[in-house]
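Novice: Structure incoming, see below.
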Amino acid sequence: MFVINCPYCGERDQQEFKAGGEAHIERPKQPTELSDDEWAEYLFMRKNIKGVQFERWNHAHGCRKWFNMVRDTSNDEIKLVYKMGEKPPLE
Amino acid sequence: MLNYNSILKDEINHNGLSIKEISPIMKLNLRGKKREFFTSVGKNLNMILPTEANTSSSSDKLTSIWLSPDEWMIFSNEGVQKDSNIYELEEKLYNSISKTNLGAVTDVTDQLVLLELKGENIFELFASGSPFNFNEFKDKKGSTTQTLLNNIDVIIHHKDQNLVNLFVRRSFSEHLCSWINDSASRL
Ligand SMILES: [Zn+2]
């Protein structure tokens, strides 16, 4: 169990949130020009880092807003929470 | 309000805590972010929507609850007509907001059930089934939150001391009430 600071509602228990996978994956501008391998790379391949990872989260049982989070997957330490559309911090 | 049966046949009473359904209450969901949306809602409601998270505002007829930065719930403080589900306020809001694409107005009167909890043990009951931290909430009249209670989505409004409004989806309401009945009996 850990507490997440929703950028809109404030600190809430993890139970209220849903994880939404890796953040900042850009949809290719011309999908029709991609090979199957390149399309699969975009669609399925994720980094799944042990350590600091950029993720999307949704406050599913609260304000229902999506936001970004920088989390250390090895110890669940949350480094930073920031809104959708904001630039990811440089490490 | 459509003619639904009451979800609670009898008031729940345990350990100085009482729970009953309040019906029929008009409930509207409002969504929008443009500046014109706020001015139009303000004019129609004679009330300013709360912009601070987890708060509410009230007039003599209505209460509005902050749900998200662009979403609110409005409900009538008093009962409305039972034999009709047309509300003058909804029509006014619909015409000035939905039709002009400033935002969305949705009637959720029949979607949500309003339960009124009264007594000193309200937050003890919540603590037995919710991950939300009620420490600041219970000292602040008018505070609101959306959270989980026994894993069911609820909207909670701190109306007054020892008096709380709880909104729950109709389809979950009987399940929640049976949990409340059980949990309140063990406080
Ligand atoms: Zn939130």
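The values are calculated or read from the model by the stated rules, or taken from the named source; none is laboratory data. Please read these numbers as outputs of a predicted model, since none were measured by experiment. When we count neighbours, we look across all protein chains shown, and the Cβ atoms used for this are built from the backbone with ideal geometry, even at glycine.
Novice: Could you tell me whether A:MET45 is touching a residue at least 24 places away in the same chain (Cβ under 8 Å), away from every other protein chain (no Cβ under 14 Å) and not hydroxyl-bearing (Ser, Thr, Tyr)?
Specialist: In short, no.
Novice: Considering region B:141-187 alone, what residues qualify as being within 13 Å of B:GLU116 (Cβ to Cβ) and among the β-branched types (Val, Ile, Thr)?
Specialist: Selection gives B:ILE156, B:VAL164, B:VAL168, B:ILE180.
Novice: Exactly one of (1) touching a Lys or Arg at 6+ places or on another chain (Cβ under 9 Å); (2) within 30 Å of B:ASN151 (Cα to Cα) is unmet by A:CYS63. Its number?
Specialist: (1)
Novice: Sticking with this structure for a sec: With the structure loaded, tell me whether A:HIS24 is within 16 Å of the ligand (Cβ to nearest atom) and either surrounded by 14 or more Cβ atoms within 10 Å (Cβ to Cβ) or more than 9 Å from every other protein chain (Cβ to nearest Cβ) (or both) or whether it fails that test.
Specialist: no
Novice: Which residues, taken from region B:58-83, are away from chain A (no Cβ under 14 Å) and of a type in the set (A, V, I, L, M)?
Specialist: Hits for region B:58-83 are B:LEU62, B:ILE74, B:VAL80.
Novice: Also: Would you mind finding the one in A:GLU77, A:GLU16, A:GLU55 that is within 30 Å of B:LEU148 (Cα to Cα) and free of Cβ contacts under 8 Å to residues at least 12 places away in the same chain?
Specialist: Only one candidate qualifies: A:GLU77.
Novice: Picking from A:GLU38, A:GLU16, which residue would you name as being over 30 Å from B:SER143 (Cα atoms) and surrounded by 11 or more Cβ atoms within 10 Å (Cβ to Cβ)?
Specialist: Sole residue among the options that is over 30 Å from B:SER143 (Cα atoms) and surrounded by 11 or more Cβ atoms within 10 Å (Cβ to Cβ): A:GLU38.
Novice: Another question, then. Quick one: count up the residues across region B:52-93 that are touching a Leu at 6+ places or on another chain (Cβ under 9 Å), under 23 Å from B:ASP110 (Cβ atoms), in a strand (DSSP E or B) and away from the ligand (no atom under 16 Å from the Cβ).
Specialist: Within region B:52-93, residues that are touching a Leu at 6+ places or on another chain (Cβ under 9 Å), under 23 Å from B:ASP110 (Cβ atoms), in a strand (DSSP E or B) and away from the ligand (no atom under 16 Å from the Cβ) number 5.
Novice: Could you check, for region A:41-63, whether at least one of its residues is basic (Lys, Arg), surrounded by 11 or more Cβ atoms within 10 Å (Cβ to Cβ) and within 12 Å of the ligand (Cβ to nearest atom)?
Specialist: no
Novice: Something else now. Could you check how many residues of region B:139-173 are among the acidic types (Asp, Glu) and more than 17 Å from the chain's Cα centre (by Cα)?
Specialist: 1
Novice: Scanning for something part of a strand (DSSP E or B) and either farther than 26 Å from B:GLY79 by Cα or assigned by TED's automatic domain parsing to the domain that holds B:GLY79 (or both), does region B:97-104 turn up at least one residue?
Specialist: yes
Novice: List the residue pairs whose Cβ atoms are under 7 Å apart, where the first residue sits in region B:149-177 and is of a type in the set (Asp, Glu), the second is part of a loop (DSSP other than H, G, I, E, B), and the two are 6 or more positions apart or on different chains.
Specialist: Cβ pairs passing all conditions: B:ASP153/A:HIS61; B:ASP160/B:LYS141; B:GLU174/B:ILE7.
Novice: Are any residues in region B:9-51 touching a residue at least 12 places away in the same chain (Cβ under 8 Å), more than 16 Å from the chain's Cα centre (by Cα), part of a loop (DSSP other than H, G, I, E, B) and outside the structural domain of B:VAL164 (by TED's automatic domain parsing), and if so, which ones?
Specialist: Result: B:LYS33, B:LYS34, B:ASN46, B:MET47, B:THR51.
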